[in-house]
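S.K.: One structure, as structure tokens, below. Some questions next.
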Amino acid sequence: MLCKFVSTPCSCTDPDNGGACWLACTVYEQLALDRFWAARLPASREGTCRRHILQTLVCYRLIDPGSEWRLHRQWFERSAMGDLLGADYSLVQKNALYRCLDKLLPHKLAFFGHLRQRWQDLFGAKFEVLLYDLTSTYFESSPPDDEEDKRRYGYSRDKRSDCVQVVIALIVTPEGFPLAYEVLPGNTADSTTLRIFLQKIEAQYGKAQRIWVMDRGIPTEKVLAEMRQADPPISYLVGRPKGRLTKLEKALLTLPWQTAREGVDVKLLPQDEELYVLAQSRNRIRKERAMRQRQLRALVKRLKQIQQMKFTSTRPMLLKLGEARGRYRAAWRLLDVNIPTTNTQEGVSFSFTLNRQKLRVARRREGRYLLRTNLCEREPAQLWQFYILLVEVESAFKTLKDDLGLRPIFHQLQERIEAHIFVAFMAYCLHVTLRVRLKSLAPGLTARAVLDKMAEVQMLDVHFPTTDDRTLILSRYTELTREQKVLLQQLNLALPPQPPPRITAGALSRVGQSAV
């Protein structure tokens, strides 16, 4: 059927970030999350497609994280998610978003099983070595009255001790593939969490020869003993506090240094069924020494400034010293500060000297790590490599909090708080998938850089009015730049064909239908 167009100029809708939305949806489908949730999130009684709501929430968290309210009020209309999913604005009604969150948590364990299989199918991931660590995330809300609520005051890794928080425990593989997480009360002690996760992983994936790599403070002596006595024994490699070196120093002094790899030397001390590994990294020695020297110089400079000030009483001087101590805490331990108990006619002052014995101890421990393991037959280089892989967990926490906007959390209901974290975890899975693809296909590029580059590919609707009071709508994405073409070629991806034109019903046909 032919259409005649009027002479009225055509109009265009505001362009949106179609490229980034398309890439996020593509990665979402590569992880088969659309198929996983299709069987678990049926449409609502009103016909709202909940799995499309969830896909929108996850892609939003990956591309431009913010609150559900912002998604509802602003982001969806400025994005291409409606065109890609074949949905309209009703998909992101405020209540629909929250009701979708309420349906997620019962499927968390099944999702972990699905995720493990997809990591194996897509990337051949192995799960013999597991990295385990904890972080916290805070809330902009009042303390809850419900004693069962997980929002509690505790040790804040975000330096927000004034806010309630929850603790998040995370397990990832050495390649950075997340396997599982758990949300714990904000006042949970690190040392009480490991036994729970050992049981969860064993129940879900069965008994196997696994190696758990953890930082200091997480396992207790009792839990380590249980891991050694398990059938089969559970292997572990855990960092120990540097203060532990004092007890082992005499035994370690007589042992020779062995080269684990270039720039890393180790000493091995077998004890009972375990092996203590003292490792020193030359690069780390130089870094920590430079940090200590820089902080010590800054502290001495500040103390000399305080000495030049005139104080008539001890209190204001102590406040100044307390401020300096809080700012340069590590360097303060190396000084002896003497504060006289009586005032002189010239006012109140103090003196300080460098404690050379403490300085010698600090120098000996710079760049050194004490590790403890029951992997007594493993090569020292492999043990060191296992331990430094803990940076993958730290990287995961940094991505979740900064790149994916996990914090702060504004939800008030416990289930929605955990659902919010679940959505962020799914977005992180997309981030990891894209990052691993880039590592092999386009090394040097980050997931965020690629999303930003693809966001420049915009999608817009061009409206052509016709003579019979209808409108021809052409949905089009902008022409790719040379960089974008090369990027898609490297990722073995191709944009879909331009969508076919659509035409709206005219006023005459509507009048005819109403007359009938």
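The values are calculated or read from the model by the stated rules, or taken from the named source; none is laboratory data. Note that the coordinates shown come from a computational prediction; the quantities given were computed from them, not determined experimentally. Cβ: placed from backbone, ideal geometry, glycine included. Neighbour counts: every protein chain shown.
S.K.: Filter the stretch 201-221 for residues that are surrounded by 14 or more Cβ atoms within 10 Å (Cβ to Cβ) and hydrophobic (A, V, I, L, M, F, W, C); which is farthest from Leu179 (Cα to Cα)?
M.R.: Ile218
S.K.: Please verify whether the stretch 340-353 includes one or more residues that are surrounded by fewer than 17 Cβ atoms within 10 Å (Cβ to Cβ), assigned by TED's automatic domain parsing to the domain that holds Phe425 and in contact with a Lys or Arg (Cβ under 7 Å, 6 or more places away or on another chain).
M.R.: Checked the stretch 340-353: no residue is surrounded by fewer than 17 Cβ atoms within 10 Å (Cβ to Cβ), assigned by TED's automatic domain parsing to the domain that holds Phe425 and in contact with a Lys or Arg (Cβ under 7 Å, 6 or more places away or on another chain).
S.K.: Taking the options Gly66, Gly113, name whichever one is of a type in the set (Gly, Ala, Ser) and assigned to a helix (DSSP H, G or I).
M.R.: Numbers: Gly66 fails: assigned to a helix (DSSP H, G or I).
Exactly one residue qualifies, and that residue is Gly113.
S.K.: Only one of (1) modelled with pLDDT of 90 or more; (2) farther than 25 Å from Lys358 by Cα; (3) polar (S, T, N, Q) fails for Ser313. Which number is that?
M.R.: With respect to (1) modelled with pLDDT of 90 or more; (2) farther than 25 Å from Lys358 by Cα; (3) polar (S, T, N, Q), Ser313 is out only on (1).
S.K.: Being under 27 Å from Tyr387 (Cα atoms) and outside any strand (DSSP E or B) is the filter here; which residues of the stretch 120-153 pass it? Break it down stepwise before answering.
M.R.: Just the residues of the stretch 120-153 that are under 27 Å from Tyr387 (Cα atoms), to begin with: 120-137.
Answer for the stretch 120-153, where residues must be under 27 Å from Tyr387 (Cα atoms) and outside any strand (DSSP E or B): Gln120, Asp121, Leu122, Phe123, Gly124, Ala125, Lys126, Phe127, Glu128.
S.K.: Do we have any residue at all in the stretch 381-393 that's surrounded by 20 or more Cβ atoms within 10 Å (Cβ to Cβ), in contact with a strand residue (DSSP E or B) (Cβ under 7 Å, 6 or more places away or on another chain) and under 15 Å from Gln165 (Cα atoms)?
M.R.: Within the stretch 381-393, not a single residue is surrounded by 20 or more Cβ atoms within 10 Å (Cβ to Cβ), in contact with a strand residue (DSSP E or B) (Cβ under 7 Å, 6 or more places away or on another chain) and under 15 Å from Gln165 (Cα atoms).
S.K.: Only one of (1) outside any strand (DSSP E or B); (2) within 24 Å of Val213 (Cα to Cα); (3) not charged (D, E, K, R) fails for Cys163. Which number is that?
M.R.: (2)
S.K.: Residue check: is Ala251 at pLDDT 85 or above, under 23 Å from Leu359 (Cα atoms) and in a helix (DSSP H, G or I)?
M.R.: yes
S.K.: May I ask you to list the residues in the stretch 56-107 that are touching a His at 6+ places or on another chain (Cβ under 8 Å) and either over 14 Å from Val423 (Cα atoms) or not assigned by TED's automatic domain parsing to the domain that holds Ala38 (or both)?
M.R.: Leu85, Ala87, Leu91, Val92, Gln93, Lys94
S.K.: Given (1) out of contact with any Leu (no Cβ under 7 Å at 6 or more places or on another chain); (2) touching a residue at least 40 places away in the same chain (Cβ under 8 Å); (3) not in a helix (DSSP H, G or I), where does Tyr276 come up short, assuming only one miss?
M.R.: Unmet for Tyr276, out of (1) out of contact with any Leu (no Cβ under 7 Å at 6 or more places or on another chain); (2) touching a residue at least 40 places away in the same chain (Cβ under 8 Å); (3) not in a helix (DSSP H, G or I): (1).
S.K.: Please verify whether Asp133 is under 25 Å from Leu224 (Cα atoms), surrounded by 14 or more Cβ atoms within 10 Å (Cβ to Cβ), among the acidic types (Asp, Glu) and touching a strand residue (DSSP E or B) at 6+ places or on another chain (Cβ under 7 Å), treating the condition exactly as stated.
M.R.: yes
S.K.: For residues that are modelled with pLDDT of 85 or more and within 14 Å of Arg61 (Cβ to Cβ), tally how many sit in the stretch 404-414.
M.R.: Here the count works out to 1.
S.K.: Here is a further query. Which residue, of Ser191, Ser142, is in contact (Cβ under 8 Å) with a residue 24 or more places away in the chain, farther than 25 Å from Cys429 by Cβ, in the same structural domain as Val391 (by TED's automatic domain parsing) and polar (S, T, N, Q)?
M.R.: Every option except Ser191 fails the conditions.
S.K.: So how many residues does the stretch 261-282 have that are within 16 Å of Ala381 (Cβ to Cβ) and touching a strand residue (DSSP E or B) at 6+ places or on another chain (Cβ under 9 Å)? Explain how you work it out, then say what you get.
M.R.: First pass over the stretch 261-282, keeping only residues within 16 Å of Ala381 (Cβ to Cβ): 261-268, 275, 277-282.
Okay, now just the ones that are also touching a strand residue (DSSP E or B) at 6+ places or on another chain (Cβ under 9 Å), so 263-268, 275, 277-282.
Count: 13.
S.K.: Output the helices (runs of 4 or more DSSP H) that fall wholly within the stretch 346-447 and possess 2 or more residues being within 30 Å of Thr220 (Cα to Cα) and among the acidic types (Asp, Glu), or say none. Spell out how you get there, then give the answer.
M.R.: Working: elements: 356-365, 380-388, 391-398, 414-441.
Per the criteria, 391-398.
S.K.: Next up: Restricting to the stretch 31-50, name every residue that is in contact with a helix residue (DSSP H, G or I) (Cβ under 6 Å, 6 or more places away or on another chain), assigned to a helix (DSSP H, G or I) and modelled with pLDDT of 95 or more.
M.R.: Across the stretch 31-50, the qualifying residues are Phe36, Trp37.
S.K.: When the stretch 478-500 is examined, which residues are found to be touching a strand residue (DSSP E or B) at 6+ places or on another chain (Cβ under 9 Å) and either β-branched (Val, Ile, Thr) or at pLDDT below 80 (or both)?
M.R.: Listed by number, the residues that qualify are Thr478, Gln498, Pro499, Pro500.
S.K.: Any chance you could count how many residues in the stretch 463-497 are in a loop (DSSP other than H, G, I, E, B) and closer than 30 Å to Arg448 by Cα?
M.R.: Applying the first criterion (in a loop (DSSP other than H, G, I, E, B)) to the stretch 463-497 yields 467-470, 478-481, 491-497.
Going one step further and asking which of them are closer than 30 Å to Arg448 by Cα, we end up with 478-481, 491-497.
So the answer is 11.
S.K.: Name the residues in the stretch 300-333 that are touching a Leu at 6+ places or on another chain (Cβ under 7 Å) and assigned to a helix (DSSP H, G or I), would you? Give the derivation first.
M.R.: We begin by selecting, within the stretch 300-333, every residue touching a Leu at 6+ places or on another chain (Cβ under 7 Å); these are 306, 324, 328, 331-332.
Correct list: Ile306, Ala324, Ala331, Trp332.
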